[in-house]
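Report on one structure; see the data block that follows.
The values are calculated or read from the model by the stated rules, or taken from the named source; none is laboratory data. All values derive from a computational prediction rather than experimental measurement. Reconstructed Cβ throughout: ideal geometry from the backbone, glycine too, with neighbour counts over all protein chains shown.
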Amino acid sequence: TVLVVDFGAQYAQLIARRVREARVYSEIVPSTMPAAEMLAKNPKAIILSGGPSSVYAEGAPAIDREIFEAGVPVLGICYGFQLMATTLGGTVDNTGSREYGRTQLSVAKASSTLFEGTPEEQQVWMSHGDACSAAPEGFTVTASTDLVPVAAFEDDERKLYGLQHHPEVMHSTFGQQELEHFLYRGAGLSPSWTTESIVDEQVAAIREQVGGKRAICGLSGGVDSAVAAALVQRAVGDQLTCVYVDHGLMRKGETEQVEKDFVAATGVQLKVVDAADRFIDALAGVSDPEQKRKIIGREFIRVFEQAQAEIVAEAPSDEPVAFLVQGTLYPDVVESGGGTGAANIKSHHNVGGLPEDLEFELVEPLRKLFKDEVRMVGQELGLPDEIVQRQPFPGPGLGIRIVGEVTRERLDLLREADAIAREELTAAGLDRDIWQCPVVLLADVRSVGVQGDARTYGHPVVLRPVSSEDAMTADWSRLPYDVLARISTRITNEVSEVNRVTLDVTSKPPGTIEWE
Ligand code: XMP
């Protein structure tokens, strides 16, 4: 394990991802964790992340000197670099001048462990106020910039390295190479953390946890629950039963996809519950978004609990259904407390809003993985691309994409319009470029149109294509006009009742991705 010590938002996750891209397993720990606890994890290397503080600010996070004296290779980045400097006796000046953004870095020593094979002049990404003016004793200065005399240093004997710039950021042209030099050359690690090894490790862990008992998993049709289920299926076979609740708010072909593709690829025992009537009846007359969400969540829990009781009744066994499989991802774990202990487990709704009082022990085989890694594991497990590369789709489904009351007729209209948009986006090869593209039916709005020389008075749909990295923020996607034109023509021709197609050009914030 490589420990990434988190000194501030954003940076640590990105560093952890880059380390994993170098095929070395990494974990994030908060900077408040005592050094002894960090070292007890037996890390093969430690990376100190950047952070928003100045090392001189009151209450600025510090690091125990022990970390540098344990014989574990350490790389300090930005704030971590300055902390390394001050902790070991170097000088960091409160210069008042800031270096921010793309910066030219001059590499002073070609024989450096980190800079080996990278150019003498290179573009890096900087973001700091204070600057290091003297390296600690025993260190060699390996780079500088116009403003910063000591922009990188290393002590190969003690295996301590520091970079003022952010190698994890794309704009640092040779950053990944420098990180890899630290991992492979500095820390002597090898790129052995592969998708195959993740699957093997998880399968073994699941077998140990579940033993001979039974487990259930709520499938939403999304990537995370599908991959989690496939992993557990690989580990314990028929001890797992998956439950897929068709709430009637799914998109065209969705249920069939889970029924056929997923089962074909995994051989999993699947229980499909057709609960469309129940959900649609419960939604009758409701147009308030929050109320819709609550109703859908509530009904989901009831159906799921009923399905679980049926599973127990249908296949009586001495082995209890003791485990619930969830597709919790690493960012969720980190965001709920740094992944430092079981106490921080967060209850997720990514399988559609499971009740918190279900008495199960959780199996969360994706707890250590980022989304792209989950996709790779899915591929390794033989899941089809249609599942593995799926764009996000909200648990409440089309129910929150009909502005106004949800009815069967409106769901049918929206399903058709949505299927056309998806078909055309796929045909244009744009699936990977966009994060998702909700199609929203403005069911309470009508406008006048003309079609076949006759007046129409139909509903508009809204296309909401967005690009995003994590759905926390998003930008509207600049789709090619010809693709938009095809979608528009087809929807208005093929979906009666829809006579207008509009495009949502709002980023998030201020808009959210979904309309409700
Ligand atoms: P918003 O609309 O909040 O959406 O910008 C952010 C991302 O989350 C998805 N989303 C949901 N996913 N249950 C889910 O599983 C939900 O209730 C839910 N609401 C929104 C949305 O599709 C987008 O990817």
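Only one of the listed residues (Gly458, Gly452) is small (Gly, Ala, Ser), free of Cβ contacts under 8 Å to residues at least 24 places away in the same chain and in the same structural domain as Val406 (by TED's automatic domain parsing). That residue is Gly452.
Of all residues in the range 73-89, those that are aliphatic (A, V, I, L, M) and farther than 17 Å from Val19 by Cβ total 4. When the residues of the range 446-475 are filtered to those that are β-branched (Val, Ile, Thr) and exposed (fewer than 15 other Cβ atoms within 10 Å of the Cβ), the one that is nearest to the chain's Cα centre (by Cα) is Thr473.
Within the range 219-227, identify whether any single residue is within 16 Å of the ligand (Cβ to nearest atom) and on the phi > 0 side of the Ramachandran plot, and answer yes or no. Scanning the range 219-227, I find at least one residue that is within 16 Å of the ligand (Cβ to nearest atom) and on the phi > 0 side of the Ramachandran plot, so the answer is yes.
Conditions (1) free of Cβ contacts under 8 Å to residues at least 24 places away in the same chain; (2) not assigned by TED's automatic domain parsing to the domain that holds Cys437; (3) not aliphatic (A, V, I, L, M), marked per residue:
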{"position": "Val462", "(1), (2), (3)": "no, no, no"}
{"position": "Val466", "(1), (2), (3)": "no, no, no"}
{"position": "Asp475", "(1), (2), (3)": "no, no, yes"}
{"position": "Thr489", "(1), (2), (3)": "yes, no, yes"}
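Selection within the range 366-420: residues that are basic (Lys, Arg) and part of a loop (DSSP other than H, G, I, E, B). The member of this set that is farthest from the ligand (Cβ to nearest atom) is Lys368. Among the residues of the range 267-300, those identified as of a type in the set (S, T, N, Q) and touching a strand residue (DSSP E or B) at 6+ places or on another chain (Cβ under 9 Å) are Gln269, Ser287. Put simply, of Gly175, Gly129, Gly117 the only residue that is modelled with pLDDT under 95, small (Gly, Ala, Ser) and touching a Lys or Arg at 6+ places or on another chain (Cβ under 8 Å) is Gly129.
Asp482 passes every criterion in (1) touching a residue at least 60 places away in the same chain (Cβ under 8 Å); (2) not in a loop (DSSP other than H, G, I, E, B) apart from (1). Of all residues assigned to the range 27-47, none qualifies as being free of Cβ contacts under 8 Å to residues at least 60 places away in the same chain, within 15 Å of His128 (Cβ to Cβ) and not aromatic (Phe, Trp, Tyr). One residue stands out in the range 116-149 among those that are surrounded by fewer than 23 Cβ atoms within 10 Å (Cβ to Cβ) and in contact with a Leu (Cβ under 6 Å, 6 or more places away or on another chain): the one that is farthest from Asn94 (Cα to Cα), namely Gln122.
Looking across the range 231-266 at every residue that is among the β-branched types (Val, Ile, Thr) and in a helix (DSSP H, G or I), the one that is surrounded by the most Cβ atoms within 10 Å (Cβ to Cβ) is identified as Val232.
On inspection, Phe304 fails the criterion of being of a type in the set (Phe, Trp, Tyr), more than 26 Å from Gln389 (Cβ to Cβ), surrounded by 15 or more Cβ atoms within 10 Å (Cβ to Cβ) and in contact with a helix residue (DSSP H, G or I) (Cβ under 7 Å, 6 or more places away or on another chain). Does Val501 count as crowded, with 20+ Cβ neighbours inside 10 Å, within 16 Å of the ligand (Cβ to nearest atom) and in a strand (DSSP E or B)? Spelling it out, it is not the case that Val501 is crowded, with 20+ Cβ neighbours inside 10 Å, within 16 Å of the ligand (Cβ to nearest atom) and in a strand (DSSP E or B). Here is a check on your reading of the model: is Ile77 more than 16 Å from Val334 (Cα to Cα), at pLDDT 95 or above and in contact with a Ser or Thr (Cβ under 8 Å, 6 or more places away or on another chain)? Yes: the conditions hold for Ile77. For first residues located in the range 206-235 and under 21 Å from Thr195 (Cβ atoms) and among the polar types (S, T, N, Q), partners that are modelled with pLDDT under 95 and within 16 Å of the ligand (Cβ to nearest atom) and lie 6+ apart or on another chain with Cβ distances below 6 Å form the pairs Ser225/Leu219; Ser225/Gly327; Ser225/Val351. The condition of being in contact with a strand residue (DSSP E or B) (Cβ under 7 Å, 6 or more places away or on another chain) and closer than 22 Å to Asp372 by Cα holds for only one of Val199, Val203, Val169, Val210, that being Val169. Could you tell me how many of the residues in the range 429-448 are small (Gly, Ala, Ser), closer than 16 Å to Val501 by Cβ and in a loop (DSSP other than H, G, I, E, B)? Qualifying residue count for the region: 1.
Restricting attention to the range 421-475 and to residues that are within 16 Å of the ligand (Cβ to nearest atom) and of a type in the set (Gly, Ala, Ser), the residue that is nearest to Gly404 (Cα to Cα) turns out to be Ala421. Checking each residue in the range 316-329 for being without any contact (Cβ under 8 Å) to a residue 12 or more places away in the chain and not acidic (Asp, Glu) picks out only Pro316.
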